Amino acid sequence: MKLRQSLLPALALALVSTSVNAQDASLLTGPSRKPAVTTGALERLISRNNLLAHAEQFFSFAQLSNGNRAFGSKGHEATIHYIKRLLDRTGYYDVEFQTFTYPYAEARSQLTVDGKDLFTSAFTYSPGGDVTAPLAVVSNVGCQVTDYPVLTGKIALIRRGDCDFGLKVAFAGGAGASGAIIYNNLDPAPSGGTLAQPSRPEGPYVPSAYITKADGESFISRINAGEEVVASIHATAINEERSTSNVIATTKQGDRENIIVTGAHSDSVPAGPGLNDDGSGSIGILEVALNLAKFKVKNAVRFIWWSAEEFGLVGSEYYVEHLSDEERQKIALYLNFDMIASPNAGYFVFDGDGNATNVPGPAGSEVIETLYRGYFDSHNIRTGSAVFGGSSDYQPFVDVGIPSGGLMTGAGGLKTAEGAEWWGGEAGVAYDRCYHQLCDNIENLYVDVWERNSKAIAYSIATYAQGIEGIPRTPRAPTRTLRVSKLSYEQRLHLTCDHEDDAA
C-alpha cells in the first residue's frame, strides 16, 4: 500500500480537535457531563487516516536512529515522548514514564568473498572490526579446544552445533584467529544468534559472521580441493547499558479498584522500524485512548506502552514485578495487542479457555476470548486461536493470575490453506514476510485488518470500562517470582525471536 499524500495534516487537525474538545469539556461541563462510553460510539471514532498518520510519525522517528526504534535509541525516545505528549494534551489521563535500565546489545555483520556480498547474520556480543584473511576449517563442530589448530592470520570456519556460539568464537580467538565464521547445520538461512555473555575465559571474542549451510559447505569443498578462499568480515557492535521507559496513562475518572489494563510494546528490533511489530498495536491503543477521552467511564482504564519487549518482555516484567500484591489485585484484566496489521494476516484471538491450544489463561480469560469471538462473528469474520506461549507482554500478567486476552495477526509462521480460505492471502507464506526486518515499514501494514482490529480494541475497552461481568474478582494468591525473571539474558532474547508459537 502506497500513500498518495502525507496524512500528517489530517492528524494535526484531529489532534487539535481532540485537545480542544477535551479542554472545552473540562471548562464548560466538567468530566461528569461527558456521555458514558458505549461500544458503538467509541468504535465509530477510530479512523484509518489517523492510524496511518501516526504510522508516518513512527517511521520518521526510526530515521533518527539508523532506521529502527530499538529501546533507548533516539527513534524510540521520540516515539514514547510523542505518545506521552498526545495523552497529556487530553487532560483526561494521569500520564507518567516508568524508567528502568537494561543491557542493550546490537550487532551487524557483512561477509564478502570473491567480491560478492553473502547472506550473513550477526551475533550479539560479537565485537566490531574489519578482517580480511584466508579461511581455515575447524575440526568436528569446534566444541573442544583441540579442534582448533594454530589460526594466526586466519578466519576460522566452524560448523554450528552441540555447544554455544560464544564458546566456538572464544576458542577461535584463543587459537589466534583474526575472525570467525559459523555456518548453519540446517538448510534455512540463519536469523541471527548471540554469544550469550560479554566475554569468556576460553579466549577473546573476534569479529564474526553467521552464514548459510550451503555457503559454508561450498567453502569447505573449495579448501579441500586446495584453493585458498579469502573472506572479508565487516562487523559493527554496540554493547551498553541503556535507560528507557514504559509510558503509563490511567484515566483520572473511574473505579481504581477495578482497573482495565491494555498494552502494546513501543520498541522495535534493531533491524528495522517495526511498523507492524509493534507499531500497529501501539498506534491502535493510542488512537483508542485519544478517543476514549471524550467519554465517561465507570472503571478506570490504564493504557501502557511497554519498552524493551524485543529484548525479552523487559518493560512488562518490570511493571508487574514492581506492583504490590494490593496493586495487582486492583487490576481486573489485561489486554495485549502485538502485531495487528500483518500483510498476510489471520485474525487470532487468545485462547482463554485453552480448548484449542491446551494452554488456558487465568480464570476469566475465557470471558475475554468470548467477547472477541463474538465481536468478529458479528462482522462475519472467522477467528483462529492464539496460544499463551510466553512470547509477548501478556506473560507477566498471566504469571500472577490476572485474566488476560488480546489479538494478533501472525508473525513469521506460515499461513495454512485453511487460513487462506478463511481470510484470503497466500497459503504457505509467512503472515508477515517482513517480520523483524528493515521492510517492516508503512507499506507492510494491512490497513483494512488494522482498522478492524483497532475497532475491536475500542469495542473491548468500551465494554470493560462500563462493566466486568464474568471476570472473577476474588483475591488472587500472591506470586513472588515471574517466569521471565528466572531466564538468562540469552533465554529472554529467544522469547521474542518469533511469535510462531502463538498461532494455532
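A few notes on this one:
- Taking residues in region 75-91 that are closer than 15 Å to residue 302 by Cβ, and partners anywhere that are modelled with pLDDT of 95 or more and of a type in the set (Val, Ile, Thr), the pairs with Cβ atoms closer than 7 Å and at least 6 places apart or on different chains are 83/247; 84/95; 84/247; 87/95.
- Residue pairs whose Cβ atoms lie under 7 Å apart, separated by 6 or more positions or on different chains, with the first residue in region 200-213 and closer than 14 Å to residue 155 by Cα and the second among the acidic types (Asp, Glu), do not occur.
- Single unsatisfied condition, residue 286 versus (1) assigned to a helix (DSSP H, G or I); (2) under 19 Å from residue 347 (Cα atoms): (2)
- Filter pass, residue 335 being open to solvent by 10 Å² or more (accessible area, probe 1.4 Å) and closer than 24 Å to residue 449 by Cβ: no
- Residues being open to solvent by 10 Å² or more (accessible area, probe 1.4 Å), touching a residue at least 60 places away in the same chain (Cβ under 8 Å), out of contact with any helix residue (DSSP H, G or I) (no Cβ under 6 Å at 6 or more places or on another chain) and among the charged types (D, E, K, R) are represented in region 254-266 by at least one member.
- Of everything in region 338-375 that is among the acidic types (Asp, Glu) and more than 28 Å from residue 448 (Cβ to Cβ), the residue that is surrounded by the most Cβ atoms within 10 Å (Cβ to Cβ) is 366.
- Residue 110 being part of a helix (DSSP H, G or I) and open to solvent by 50 Å² or more (accessible area, probe 1.4 Å): no
- Index of the failed condition, residue 393 passing every other in (1) of a type outside the set (Val, Ile, Thr); (2) surrounded by fewer than 24 Cβ atoms within 10 Å (Cβ to Cβ); (3) closer than 30 Å to residue 480 by Cα: (2)
- Hits in region 290-317 - residues which are within 15 Å of residue 266 (Cα to Cα) and part of a helix (DSSP H, G or I): 309, 310, 311, 314, 315, 316, 317
- Flag for residue 170 being without any contact (Cβ under 8 Å) to a residue 60 or more places away in the chain, buried (at least 17 other Cβ atoms within 10 Å of the Cβ) and within 18 Å of residue 233 (Cα to Cα): yes
- Filter result for residue 452 (open to solvent by 30 Å² or more (accessible area, probe 1.4 Å), closer than 20 Å to residue 351 by Cα and in a loop (DSSP other than H, G, I, E, B)): no
- Looking across region 144-158, the residues that are in contact with a helix residue (DSSP H, G or I) (Cβ under 7 Å, 6 or more places away or on another chain) and surrounded by 15 or more Cβ atoms within 10 Å (Cβ to Cβ) come down to 148, 151, 156, 157, 158.
- Of the helices (runs of 4 or more DSSP H) that lie entirely inside region 1-88, those containing 3 or more residues that are of a type in the set (Phe, Trp, Tyr) and either at pLDDT 95 or above or exposed (fewer than 13 other Cβ atoms within 10 Å of the Cβ) (or both) span 48-62.
The values are calculated or read from the model by the stated rules, or taken from the named source; none is laboratory data. These numbers were taken from a predicted model, which means no experiment stands behind them. Because the Cβ atoms are built from the backbone with ideal geometry, glycine has one as well, and the counts that use them run over all protein chains shown. When the accessible area is computed, the model is the full protein with side chains, heavy atoms only, and any ligands, DNA or RNA have been set aside. Shrake-Rupley method; radii C 1.70, N 1.55, O 1.52, S 1.80 Å.
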